[in-house]
2 protein chains.
Amino acid sequence: MANIKDIARVAGVSVATVSRALSTPSLVRPATIERIEAAIADLNYEPNHLAAGLRRQRSDNVIVAVPSIYNPFTSAFVEGIENVARANRMRVLLGITEGDPETLNKYTSMIAGKQADGLILLEKNLPDIVLNPPAKGKMPPMVAACEYPPDLNLPRVRTDNHEASALVVGHLAELGHKHIAAITGPLDQFMSMDRLSGYKLGLLRARIDFDEALVAHGDFSLQSGYDAMIRLLDSGVEFTAVACANDEMAMGAMSALQQRGISVPDDMSVAGFDDLRFGAFAIPPLTTVHIPTVEIGEAAMRLMLDSLLLQDHEGPAREVVLPHRLIVRQSTAAPRKRRKKA
Amino acid sequence: MANIKDIARVAGVSVATVSRALSTPSLVRPATIERIEAAIADLNYEPNHLAAGLRRQRSDNVIVAVPSIYNPFTSAFVEGIENVARANRMRVLLGITEGDPETLNKYTSMIAGKQADGLILLEKNLPDIVLNPPAKGKMPPMVAACEYPPDLNLPRVRTDNHEASALVVGHLAELGHKHIAAITGPLDQFMSMDRLSGYKLGLLRARIDFDEALVAHGDFSLQSGYDAMIRLLDSGVEFTAVACANDEMAMGAMSALQQRGISVPDDMSVAGFDDLRFGAFAIPPLTTVHIPTVEIGEAAMRLMLDSLLLQDHEGPAREVVLPHRLIVRQSTAAPRKRRKKA
DNA sequence: TTGTAGGCGTTATCAG
DNA sequence: CTGATAACGCCTACAA
C-alpha cells in the first residue's frame with residue numbers, strides 16, 4: 001500500500017505538504033494540491049487511519065453501550081447516533097453488554113486504550129469509573145441516553161418518562177376508567193421506575209387510589225407482557241384498562257386478551273409506550289406515547305461531539321429533554337357500563 | 001497515560017519483555033510476569049490499541065454494511081455478528097448506508113485505510129471493488145450475509161429463500177387454497193427475487209397457474225404491506241390467501257384486512273416470512289418461515305475470522321446455508337367453502 | 001508556501 | 001528467557 005512518502009516522491013513535494021494538502025488544503029498552493037491529488041489517484045493512496053490516530057491520539061470512534069440491539073427501541077437510538085456520527089466523520093463501535101457490568105467496564109477501558117474517544121450509554125448499568133472517578137481530567141467523555149439517577153453529573157438526553165406516563169394514565173382516566181392496571185418494566189432500571197412513578201402520578205391527578213394488586217411486572221418483552229396480562233386476569237382483580245410500560249408488552253398483553261376472548265377496546269383498553277412502528281399496525285392500532293428515539297440518539301451523539309471538543313469534561317453537565325406526545329389510536333376507549341369480570 | 005516504557009522502567013525490564021508478557025506470556029518467566037502485572041496495576045496502564053494496530057497493520061474492527069439498523073430483521077443479523085466478534089476480541093463498526101452505493105464504497109476504502117480489517121455485507125448493493133477487482137491479493141476481506149448473484153465469488157451465508165418461499169405456498173395449497181396472492185419485497189433486491197421465484201415454484205408444485213394480477217409489490221415495511229393488501233383487495237381479483245415476503249408486510253396486510261372487516265384466517269389466510277418475535281403475538285399469531293437471523297450473523301462473522309486468518313482471499317469461496325423451517329400458527333387455515341369477494 | 005525531523009506507543013527481529 | 005532497536009505511517013512544530 002502506498003503511503004504518504006510515496007505520494008510526496010511522485011508529486012515532487014515533501015510529506016509535510018502532502019499531509020497539509022489532505023488536512024488543511026488552504027495552506028497549500030492550488031497547483032501543488034493538484035499534483036498531489038494526481039499522485040494520490042495514481043497510486044491509489046488511502047491515508048492510514050491508525051497512524052494518523054496514533055499521532056493525534058484519537059480514533060474517531062465512539063462506543064455505544066447497549067444491552068442488546070435486537071429490538072426496535074434500542075436499534076432506533078443507535079440509528080440516530082450513527083446518522084450524526086457519519087455526518088461528522090466519526091464511527092460507531094457497537095458495544096453490546098448483554099447487561100453484564102464487566103463488559104461495560106471493558107468499554108470504558110477501551111477509551112483509555114484509544115480504541116474509542118467516548119462512550120454513549122444506553123444501559124441500565126453505569127461503568128465503575130463513574131462511581132469511582134479517577135484523577136481529575138481523566139474522565140473519559142461519556143453521554144447518557146437513558147434515565148439515570150438525577151444527581152449524576154453526566155451530559156444526558158432523555159424524555160420525561162415520568163410525565164409521559166402520567167399523560168397516558170390521564171388519558172385513560174379521562175375516558176372514564178376507574179380501575180387502571182399497570183404492566184411495568186424491570187424495576188432495576190431507572191426508566192421503569194420513572195414510568196411506574198408516572199403511572200402513580202397519573203392516578204393521583206385523577207383522584208384514583210393506587211392499588212398494588214393492579215401492578216404486574218414485566219421485562220419489556222412481548223412474552224412478559226403476555227404473561228403479566230394473564231397474571232392480572234387470573235388474579236381476579238377488576239380493571240378496565242392497562243397502561244403498559246412499552247409497546248412490546250402492550251402487544252403481548254393484547255395477544256393474551258385476544259386469546260381469552262376479551263375484546264380491545266370494548267372490554268379492555270390497552271395503552272403502550274414508545275410508539276414503535278408495529279403499534280400503528282397492531283390489531284387494534286395501539287394508543288401510545290411517542291418517544292423520539294432516533295432524535296434522542298442524534299442528540300446524544302451531538303452532545304458527544306461537544307464533549308470531545310471541550311478540553312475538560314468537568315463542570316455541570318448539559319441535559320437535553322426531548323418532547324413526547326400522546327398518540328391516541330383504537331386500543332383505548334371508554335369503559336363499558338357496569339362491566340364485571342369473573 | 002502510562003505507556004509500555006513506563007511499565008518496563010517500573011518493573012525493571014525492557015519494553016520487549018512487557019510486550020511479550022502481554023501477548024505471549026508463555027515466553028516470559030512467571031516471576032517476571034508478576035512484576036510486570038504489578039506495574040501495570042500500579043500505573044493503571046492500558047495498551048494503546050492504535051500503536052499496536054499501526055505496528056501490526058490491523059485494527060481488529062469489522063465493518064458491517066447495512067441499509068438501516070432500525071428494524072428487527074437487520075438488527076438481528078448485527079447482533080449475531082457482534083456476539084461472535086466480541087468473543088474473538090474484535091469490534092463491530094456500524095456502517096449504515098441508507099442504500100447509497102457511494103457510502104458503501106467508502107466502507108471498502110476504510111479497509112485500505114486500516115480503519116477496519118474486513119467488511120460484512122447486509123446490503124442489496126455491492127461495492128465497486130467487487131465488480132472492478134484491483135490487483136490480485138488486494139481484495140479486502142468480505143463476507144456476504146444476504147442474497148447475491150450466484151456467480152459472485154464471495155464467502156457467504158444465507159438461507160434458501162427460494163425453497164422456503166415455496167414451502168409457505170405449499171402449506172397454503174395443502175390447506176386447499178387455489179388463489180394465493182403474493183406481496184413481494186422490492187424487486188431490485190436479490191432476496192425479494194428469490195422469494196418471488198420461490199412463490200412461483202410453490203404454485204407450480206401445487207399445479208396452480210401463476211397469475212400476475214395476484215402479485216403486489218411492497219418494500220418490506222409495515223405500511224407497504226398494508227398498502228399492497230388494499231391494492232389487492234381493490235383490484236377485485238379473487239383470492240383466499242396471501243404469502244408475504246416478510247413478517248412486517250404480513251402484519252401490515254393483516255391490519256388492512258381487519259380494517260376492511262375481512263377475518264383472518266376465516267376469510268383470508270396470511271403468511272409471513274422471517275419469524276420476527278412480533279409475529280408470534282400478532283392477532284392472530286402469524287404463520288411464517290423461521291429464518292435463523294442471529295445465527296446467520298454469527299456464521300458470517302466466523303467466515304470473516306477465517307478470511308482474516310487466510311493469506312489470500314482468492315480461490316472458491318465458502319458458502320454456508322442455514323436451515324429454515326415453517327412455523328404454522330393461526331393466521332392460516334383452510335379456505336371457506338365457495339367464498340366470493342366483491 | 002514548503003521542507004526537515006522528531007515523535008506517537010507498539011511489535012518483531014535479531015542478538016545474547 | 002531477555003534486551004536493544006528498527007520500523008509502522010502520519011502530524012506538527014520549527015525553520016526556511
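Values as computed for the structure displayed
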read-out	value
Options A:Glu102, A:Glu34, A:Glu98: the member that is within 30 Å of B:Asp275 (Cα to Cα) and either near DNA strand C (Cβ under 9 Å from one of its atoms) or not hydroxyl-bearing (Ser, Thr, Tyr) (or both)	A:Glu98
Residue count for segment B:194-219, restricted to those that are in contact (Cβ under 8 Å) with a residue 40 or more places away in the chain and not basic (Lys, Arg)	4
Some residue of segment A:118-125 being crowded, with 20+ Cβ neighbours inside 10 Å, at pLDDT 95 or above and among the small types (Gly, Ala, Ser)	yes
Residues of segment A:223-251 satisfying the condition of being aliphatic (A, V, I, L, M), open to solvent by 10 Å² or more (accessible area, probe 1.4 Å) and not in a loop (DSSP other than H, G, I, E, B)	A:Ile230, A:Leu233, A:Ala243, A:Met251
Hits in segment B:8-26 (condition: in contact with an Asp or Glu (Cβ under 9 Å, 6 or more places away or on another chain) and either within 8 Å of DNA strand C (Cβ to nearest atom) or open to solvent by 70 Å² or more (accessible area, probe 1.4 Å) (or both))	B:Val10
For A:Asp266: the one exception among (1) buried (at least 16 other Cβ atoms within 10 Å of the Cβ); (2) in contact (Cβ under 8 Å) with a residue 40 or more places away in the chain; (3) in a loop (DSSP other than H, G, I, E, B)	(1)
Of all residues making up segment B:78-113, the number that are surrounded by 17 or more Cβ atoms within 10 Å (Cβ to Cβ), more than 9 Å from chain A (Cβ to nearest Cβ) and either in contact with a Gly (Cβ under 6 Å, 6 or more places away or on another chain) or small (Gly, Ala, Ser) (or both)	1
Qualifying residue in segment B:134-141 (condition: touching an Asp or Glu at 6+ places or on another chain (Cβ under 6 Å), modelled with pLDDT under 95, more than 17 Å from B:Glu298 (Cα to Cα) and not aromatic (Phe, Trp, Tyr))	yes
Near pairs, Cβ below 6 angstrom, 6+ apart or cross-chain, from segment B:159-175 (among the β-branched types (Val, Ile, Thr)) to any residue that is open to solvent by 20 Å² or more (accessible area, probe 1.4 Å)	B:Thr159/B:Leu322; B:Thr159/B:His324
Pick from segment A:9-27, criterion of a type in the set (Val, Ile, Thr) and more than 11 Å from DNA strand D (Cβ to nearest atom), ranking: nearest to the other protein chains (Cβ to nearest Cβ)	A:Val10
Identity of the residue in segment A:42-60, loosely packed, with under 13 Cβ neighbours inside 10 Å and within 23 Å of A:Met301 (Cα to Cα), that ends up nearest to DNA strand D (Cβ to nearest atom)	A:Arg56
Breaking point among (1) within 7 Å of chain A (Cβ to nearest Cβ); (2) assigned to a helix (DSSP H, G or I); (3) under 19 Å from A:Lys106 (Cβ atoms), for B:Ser75	(3)
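The values are calculated or read from the model by the stated rules, or taken from the named source; none is laboratory data. Note that the structure is predicted; figures quoted are calculated from it, not measured. A quick note on method: Cβ atoms are made from the backbone with ideal geometry, for glycine too, and the neighbour counts reach across all protein chains shown. Ligands, DNA and RNA are stripped out before the accessible areas are found, and what is left, the full protein with its side chains, is counted by its heavy atoms. Shrake-Rupley method; radii C 1.70, N 1.55, O 1.52, S 1.80 Å.
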